[in-house]
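Here the structure is laid out as structure tokens; the discussion comes afterwards.
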Amino acid sequence: MKNPIDNFWKLKLEDVKESLESNNFEVFIADNATEASKIVLENIIPAIDIKRISWGGSMTFVETGLYDNLKDQKNFEVLDTYDKSLSDDEKTQLRREALLTDFFITGTNAITEDGYLVNLDMIGNRVGALTFGPKNVLVLTGRNKIVPDIESAMERIKDFVAPANVMRLDMKTPCIKTGVCSECKSSARICNTWTITQKSFPKKRIKIVLINKDLGL
């Protein structure tokens, strides 16, 4: 068989797509970041009446090029929570307003093979939006986020995602030095709120683009 790894992931993503759809998510599969961007711009966004758009922290969102494409859009109001010119208070206020947008874009820390989203957040705006608020939520995720079950998802997040994110953001927590979670009490702790999203409510409110590449953390 030619390209066995590629064939394996195509089958895996189709299985995960079926599981997610059985849990009322709307799901798309993209071969790469460029195709993911095209799906969002040409299929997902045109199907929604968007007046305001915003996003939560997501490396994958940036890696697809969608952030650069959308941040200066004139077709709708953009609440750019990544804007480095904003003060911390201004960012916090914008994050609150983002929970009332028509379209919110984010990533996920893990997806289980039976179609659950598992996330751990510092501030809570990302998991808050997944749970309630924005009329539509888009989750962009690489294949590397797929895990067998909830226990594996939590292990992935605590053992890899959280320490790696701390290092990426240069946060002052113990795991930046050890690479291991110590359930710290640091004021800079990024592990504050867990969510497990078993189903999308209403149906298809949460849209997921599964990307057949390793993206994000």
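The values are calculated or read from the model by the stated rules, or taken from the named source; none is laboratory data. It should be emphasised that the depicted structure is a prediction, and the values quoted were computed from it without experimental measurement. Reconstructed Cβ throughout: ideal geometry from the backbone, glycine too, with neighbour counts over all protein chains shown. Side chains included, ligands, DNA and RNA excluded: accessible areas come from the protein's heavy atoms. Shrake-Rupley method; radii C 1.70, N 1.55, O 1.52, S 1.80 Å.
Observations, loosely collected:
- Using the rule -39500 (n - 2.57) for each DSSP H run of four or more residues, divided by the residues of the chain, the 222 nm mean residue ellipticity is -9000 deg cm²/dmol.
- Accessible surface, 1.4 Å probe, highest first, among residues W194, W9: W194, W9
- In the context of the full set of protein chains, the chain has a per residue accessible area of 51 Å² (1.4 Å probe).
- A Cβ-based charge dipole, computed about the Cα centre of the chain with Lys and Arg at +1 and Asp and Glu at -1, lands at about 260 debye.
- Structure remark: mean-square fluctuation, Gaussian network model of the chain, C-alpha springs under 10 Å; the largest value among D102, D121, D170 belongs to D170.
- Option label - volume of the Cα convex hull per residue in Å³ computed here, alternatives (i) 152; (ii) 136; (iii) 123: (iii)
- Accessible-area composition of the stretch 1-149, carbon plus sulfur, in percent [1.4 Å probe]: 48
- Dipole of the chain computed with +1 at Lys/Arg Cβ and -1 at Asp/Glu Cβ about the Cα centre; of V27, L120, M171, farthest Cα towards the positive end is M171.
- The chymotrypsin sites (Phe, Trp or Tyr not before Pro) of the stretch 101-170 that meet both conditions, a loop assignment by DSSP and at most 16 other Cβ atoms within 10 Å of the site Cβ, are F132.
- Charge-dipole axis of the stretch 44-197 as Lys and Arg at +1 and Asp and Glu at -1 on Cβ define it, positive-most pick from I105, T195, A162: A162
- Shape of the stretch 135-217, Cα gyration tensor, a/c cut at 1.5: prolate
- Figure legend: label point modelled 7 angstrom from the Cα of S22 along Cα→Cβ; residues of the stretch 131-156 with amide N under 17 Å from it are 147-150.
- Nearby aspartates and glutamates by direct alpha-carbon distance to K135 (threshold 17 angstrom, same-chain neighbours under 8 apart not counted): E26, D49, E77, E97, D102
- Förster radius 30 Å - calculated FRET efficiency between E151 and S186, Cβ distance, rounded to 0.05: 0.75
- Net lengthening on full extension, K177/N3 (0.36 nm per residue, minus Cα-Cα): 58.8 nm
- Among beta bridges from DSSP that stay inside the chain, the antiparallel ones total about 25%.
- When the solvent-accessible area of the stretch 152-217 is split by element, carbon and sulfur atoms take up 56 percent of it, the probe being 1.4 Å.
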